[in-house]
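The values are calculated or read from the model by the stated rules, or taken from the named source; none is laboratory data. These numbers come from a predicted model, not from an experiment. FYI the Cβ positions are ideal-geometry reconstructions off the backbone, even for glycines, and counts take in every protein chain you see. Note: areas computed on protein heavy atoms with side chains; ligands, DNA, RNA excluded. Shrake-Rupley method; radii C 1.70, N 1.55, O 1.52, S 1.80 Å.
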Amino acid sequence: MSIRKRLPIGIEDFGEIRRENFYYVDKTGLIAELLQNWGKVNLFTRPRRFGKSLNMSMFKTFFEYGCDIQLFQGLDITGEPELCDKYMGKFPVVSLTLKGVEARDYEGARAMLASIIGREALRFSFLKESGRLLEEEQEQYCQLVKVDRKGESAFIMPEVVLKDSLLTLTHLLKKHYGRKVILLIDEYDVPLDKAQQFGYYEEMVGLVRSMLGQALKSNDSLQFAILTGCLRIARESIFTGLNNFNVLSITDVRFDEYFGFSDREVKAMLQYYSLEGHYEQIKEWYDGYRFGKADVYCPWDVINYVNFLRSEPDAMPKAFWMNTSGNYIIRRFLQMATPKTRREIESLLAGESVKKKVNEELTYGELYKNLDNLWSMLFITGYLTYREKEEDDVYSLVIPNLEIRKIFKEQVMEWFQEEAKKNGPMLDEFCRAFVAGDGETVERLFTAYLKKTISIRDTSVQKGKKENFYHGILLGLLSHREDWDVDSNIESGEGFSDIQVEIEDKSLGIVIELKYPDGGNLEEGCAEALNQIEEKGYEERLREDGMSKIIKYGIACWKKRCMVRVKQN
């Protein structure tokens, strides 16, 4: 049996993937299309984890002097021999990624930018002694790579030098090689995103505007530039004055299939690894994004899940995006949501769509000024996608797949628990009512909580799982009492009860069973829940643990209504 190629988990270096024979989904057609339709400055805006960095590495490998032609052997770009002859390995390339600029203050972020640019400049150390540069120009280069030997080898780059750094480096390289420079800047807007989060936004805008403005506007040393990011930040005046500026956003049909995996590419990968039986799972969890007119999967998720399946064929899909992206956006959205917005979120979670005007030219400084901007941000960053364009800038938005739905659900639950904790007296009354067997108060307060939260209607699951949302809400509320032993889905008697509570100082045990009755017959649901507690003997474990008094709760929920029935013995 032949050995299958490894999957490139977390590898964004095109050369490494090709040299080490990792599995590669061919996106080199992007090179040909760009060269046939390029502008002086080309900005690709896509969500995180959709292959932007790998494509930028591919550009660098292709264009830079010393290109290893073998790395592209058998790939689509080799079907364009004239373009390869004219562009492959024919340019000096300056390549930067700003995704690591995550400092909590301006000075720290400025130092990180200086370090990134300084390290890139060090790749061209021959400029220090280049006979094609004047002595003054050699000194300019030395300022870019000067480090503090007494400290931690940090780059000593005064702000005025940093602002001119990209213009300076492209000028020096052009003079040395006699050939214009290609400039690649990956995740150009990350420093602005972090600056907005930590409160030094205006300072960072000024620095980035100076750096990019000088490098991209009227720079005679520039062949062309390619940038990637999440947002097009036109109003920041960073790109003002560019006469040939190609903005290629997620709604643009140009280049739409080159970021993310197509259905055909996913099927080919599954066939290669003999995992065709998992196609429907992968489609439900990781497909659903629309860029331009192309429907695509998130490549980060597909690669990670396929990698799991190779060693564990029964592995269930996971939300790989959970810790890789800014889920704080959803949390802020929930905090700002009006009752109308909460109803719209409920519709999205139920698999429905909402019509919203999308502004693709937001600035990070505007994100949290109103809910309309946050709707746009959720769309731009990949938490929502579109099915139809209704009219100018108005789109029919949906949650793309089960993975993002899971993220929304977990953020909703966490948000609700935080909101509930803000009203300690209400939580205390709720818990006291359970101890007292006061079903009327439990019903009244639980209904009040349900009206405040965002319902998650599991329309796609079996009846037996529809109560999961209510189960989670109730479990979180009861966990308010840290002195109680609260267990979920614990084995007892002849099955697994939904929730059990042990209160040792009172020798009191509580058994709770929840139901989501078809048709909304709450009385019938409560009766079914109490009967199940009796028939399955759910109180058995509580008795074994020394609880002398047992209170049994049958709770039925339907949308935002509930009914509670109690039985004590």
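Based on what the data block shows, is Lys355 open to solvent by 10 Å² or more (accessible area, probe 1.4 Å) and either closer than 19 Å to Arg46 by Cα or out of contact with any Asp or Glu (no Cβ under 7 Å at 6 or more places or on another chain) (or both)?
Details: open to solvent by 10 Å² or more (accessible area, probe 1.4 Å): yes; either closer than 19 Å to Arg46 by Cα or out of contact with any Asp or Glu (no Cβ under 7 Å at 6 or more places or on another chain) (or both): no.
When the stated conditions are applied, Lys355 does not pass them.
Hey, could you check segment 351-401 for residues that are hydrophobic (A, V, I, L, M, F, W, C) and part of a strand (DSSP E or B) and say which is farthest from Leu334 (Cα to Cα)? Once the filter is applied, the top-ranked residue is Val394. Within segment 537-553, being among the charged types (D, E, K, R) and either open to solvent by less than 80 Å² (accessible area, probe 1.4 Å) or touching a Phe, Trp or Tyr at 6+ places or on another chain (Cβ under 6 Å) (or both) holds for Glu539, Arg541, Asp545, Lys552. Screening Leu144 against (1) over 29 Å from Lys27 (Cα atoms); (2) open to solvent by 40 Å² or more (accessible area, probe 1.4 Å) leaves a single unmet condition, (2).
For segment 403-433, filtered to residues that are of a type in the set (S, T, N, Q) and more than 16 Å from Gly382 (Cα to Cα), the residue that is surrounded by the fewest Cβ atoms within 10 Å (Cβ to Cβ) is Asn423.
Let's see how each residue does on (1) more than 30 Å from Tyr368 (Cα to Cα); (2) open to solvent by less than 40 Å² (accessible area, probe 1.4 Å):
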site: Phe124; (1), (2): yes, yes
site: Glu129; (1), (2): yes, no
site: Val160; (1), (2): yes, no
site: Glu187; (1), (2): no, yes
site: Gly199; (1), (2): no, no
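When segment 1-54 is filtered for residues that are touching a Lys or Arg at 6+ places or on another chain (Cβ under 9 Å), farther than 24 Å from Arg232 by Cβ and among the hydrophobic types (A, V, I, L, M, F, W, C), the ones remaining, listed by number, are Leu7, Phe14, Phe22. Applying the set (1) of a type in the set (Asp, Glu); (2) under 29 Å from Asn304 (Cα atoms); (3) open to solvent by less than 70 Å² (accessible area, probe 1.4 Å) to Glu20 leaves exactly one unmet item: (3).
Tell me, which residue of segment 484-503 that is out of contact with any Leu (no Cβ under 9 Å at 6 or more places or on another chain) and touching a residue at least 24 places away in the same chain (Cβ under 8 Å) is surrounded by the fewest Cβ atoms within 10 Å (Cβ to Cβ)? Walk me through it before giving the result.
Restricting attention to segment 484-503, the residues satisfying the condition of being out of contact with any Leu (no Cβ under 9 Å at 6 or more places or on another chain) are 485, 487, 489-491, 493-497, 503.
Those left that are additionally touching a residue at least 24 places away in the same chain (Cβ under 8 Å): 490-491, 493-495, 497, 503.
On the way: Ile490: 13, Glu491: 12, Gly493: 18, Glu494: 10, Gly495: 14, Ser497: 25, Ile503: 19.
So, considering only residues that are out of contact with any Leu (no Cβ under 9 Å at 6 or more places or on another chain) and touching a residue at least 24 places away in the same chain (Cβ under 8 Å), the one surrounded by the fewest Cβ atoms within 10 Å (Cβ to Cβ) is Glu494.
Residue selection: Tyr538 fails the criterion of being free of Cβ contacts under 8 Å to residues at least 60 places away in the same chain, outside any strand (DSSP E or B) and under 23 Å from Glu418 (Cβ atoms).
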